[in-house]
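These notes concern the structure reproduced below.
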Amino acid sequence: MTKPFIQNHHLNVIKNKGRHIQYCFHDIEDAGVLQVVKGQAADQVKQAFSELKNEEAEVIDPLSDVKTSIEVEAFIGSIYPYVKPFPAVDHTQIKQLFPNNKKIQLPNLENTDFSYLTYLGWNDPGQRKKYIVYEFDGKLVGIEGRYTPPTQRNYCYFCNELTPVHLVSIRTDETSTGNPDYYRSIGQYICKDSDECNKNITDVTALQSFIQKVL
Ligand SMILES: [Zn+2]
């Protein structure tokens with residue numbers, strides 16, 4: 001059987017395109033136009049994968065045949081066995097990712113469905129800290145940053161949606177020459193609600209570049 005290969009951000013692209021096809025079938029009657037819409041949607045889904053084996057493409061191909069919301073839902077149900085979940089981390093593993101932080105507030109993992117996570121993110125409102133765990137180059141990494149209130153609406157750097165965000169600043173270990181007290185800090189607007197961000201994210205390029213800069 002084809003191994004799981006669909007990550008959460010791919011799944012979000014598939015859901016978006018499935019919804020788009022469904023709307024077009026509702027609004028457009030021209031069969032030729034609809035054919036083009038379906039072809040474009042299938043291409044865009046395939047482009048979301050950096051590489052796609054033939055047997056994996058066959059899992060995605062039936063998306064071109066959906067027309068109604070029921071068919072979209074049925075298609076999404078049919079690809080669930082191929083969804084590759086985020087590694088199911090526990091509190092012990094998370095603590096090990098933040099060895100210098102003895103006051104870390106751990107996330108509530110009881111209701112976390114790892115199938116729908118691109119990254120695990122949570123806030124500590126008391127200390128105004130945001131924590132992110134991500135699998136980078138096959139290894140779990142943890143980063144933490146401070147966020148500045150108030151929350152405002154802006155485009156999230158990770159998911160590129162207009163959402164309630166806060167400005168998260170993360171200090172890097174990069175020092176300027178000759179000045180050991182100088183640290184560079186990187187700040188980006190990131191969704192306040194990481195669960196919502198995980199529902200929106202369709203591309204991991206920004207997330208990966210952010211993590212690469214602060215590691
Ligand atoms: Zn976001």
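Just so you know, all these numbers are worked out from the coordinates, no wet-lab data involved. Predicted model, so just to flag it, every value in this text is computed and none were measured. Glycine also receives a Cβ, built like all others from the backbone with ideal geometry; neighbour counts cover every protein chain displayed.
Along region 89-102 the Karplus relation, 6.51 cos²θ - 1.76 cosθ + 1.60 evaluated at θ = phi - 60°, assigns HN-Hα couplings of 7, 10, 4, 4, 5, 5, 4, 5, 7, 10, x, 8, 10, 7 Hz to successive residues, with x for each Gly and Pro. Mean projected area of the convex hull spanned by the Cα atoms of region 81-121, taken over all viewing directions: 3.3 nm². Excluding same-chain neighbours fewer than eight residues apart, the lysines reachable from K53 by a Cα-Cα span under 25 Å are K3, K15, K17, K38, K84, K139.
Do you know the relative contact order of the chain, to the nearest whole percent, from alpha carbon pairs under 8 angstrom that are 6+ apart?
Details: 319 pairs, mean separation 40.1, N = 215.
Over the chain, the number comes to 19 percent.
Taking 19 Å as the straight-line reach from the Cα of K102, the lysines in range (excluding those fewer than 8 positions away in the same chain) are K129, K130. For the residues A57, A41, A31, a GNM of the chain with alpha-carbon springs under 10 Å puts the largest fluctuation on A31. Listed from fewest to most Cβ neighbours within 10 Å, the set H20, H9, H91 follows the order H91, H20, H9.
Angle check, please: helix 31-47 long axis (alpha carbons) against the longest principal axis of the chain (alpha carbons), in degrees 0 to 90, nearest 10. Relative to the chain, helix 31-47 is tipped by roughly 30 degrees. Rounded to whole numbers, the Karplus 3J(HN,Hα) couplings from phi for region 72-80 are 4, 4, 5, 5, 4, x, 6, 8, 4 Hz, using 6.51 cos²θ - 1.76 cosθ + 1.60 with θ = phi - 60°, and x at Gly and Pro.
Do me a favour and compute the ellipsoid semi-axes for region 1-93 from its Cα gyration tensor, root of five times each eigenvalue, largest one first, whole Å.
28, 14, 11
Quick check on the exposure proxy: order K192, K199 from fewest to most C-beta atoms within 10 angstrom. Let's see the in-between values first.
On the way: K192 21, K199 17.
Lowest count first: K199, K192.
A Förster radius of 35 Å combined with the Cβ-Cβ distance from D193 to E51 puts the calculated FRET efficiency at roughly 0.65. I need to check one value: relative contact order of region 8-82, counting alpha carbon pairs closer than 8 Å and at least 6 residues apart, in percent. Computed value for region 8-82: 39 percent relative contact order. Among G187, G121, G138, the residue with the largest mean-square fluctuation in a Gaussian network model of the chain, with springs joining Cα atoms closer than 10 Å, is G138.
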